[in-house]
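Asks: First the structure, then my questions, so here it is.
The values are calculated or read from the model by the stated rules, or taken from the named source; none is laboratory data. This is a predicted model, so every value here is computed, not measured. With ideal geometry, Cβ positions are generated from the backbone for all residues, glycine too; neighbour counts draw on all protein chains shown.
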Amino acid sequence: MARTFRRKQQRHEYRWVLRQFEPRLPYPGWIRIDAQTTAGRRAIALFHSDKTVTMNAPAPRWFRKVFDHRIRTVNDRMFRRWLADPSFDPVFLAWHKHGANWAWW
């Protein structure tokens, strides 16, 4: 399914997109950008492009591999312990596939 079809009826809230940090003001802070200006249209276009990345970047590959390996090892040990002793109640770690990214931050 095309991304444009999925987003056809979607409405966006640009309140956090249409702001810019100004450190040179007497009191540094965020100022609002008008959506009809060139800077506003540029900010909205950047928001809708695939160039913007949430939280800057994912965790490094080496960290994700180590993170996933630890979870698989713990789950494998629980499973083998249950096979050896059926009365044992195993507790498996069910992490989301992006769990390593959240652990990295």
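Asks: Of a type in the set (Phe, Trp, Tyr), at pLDDT 80 or above and out of contact with any helix residue (DSSP H, G or I) (no Cβ under 9 Å at 6 or more places or on another chain): is that true of TRP82 in this structure? It would help to see each step written out before you state the result.
Replies: On the way: of a type in the set (Phe, Trp, Tyr): yes; at pLDDT 80 or above: yes; out of contact with any helix residue (DSSP H, G or I) (no Cβ under 9 Å at 6 or more places or on another chain): yes.
When the stated conditions are applied, TRP82 passes them.
Asks: Conditions: (1) at pLDDT 85 or above; (2) assigned to a loop (DSSP other than H, G, I, E, B). TRP30 meets all but one. Number of the miss?
Replies: (2)
Asks: Tell me, which residue of region 13-33 that is closer than 18 Å to ALA45 by Cα and surrounded by 10 or more Cβ atoms within 10 Å (Cβ to Cβ) is nearest to the chain's Cα centre (by Cα)?
Replies: VAL17
Asks: Could you run through region 56-79 and say how many residues are of a type outside the set (Phe, Trp, Tyr), touching a residue at least 24 places away in the same chain (Cβ under 8 Å) and part of a helix (DSSP H, G or I)?
Replies: Qualifying residue count for the region: 3.
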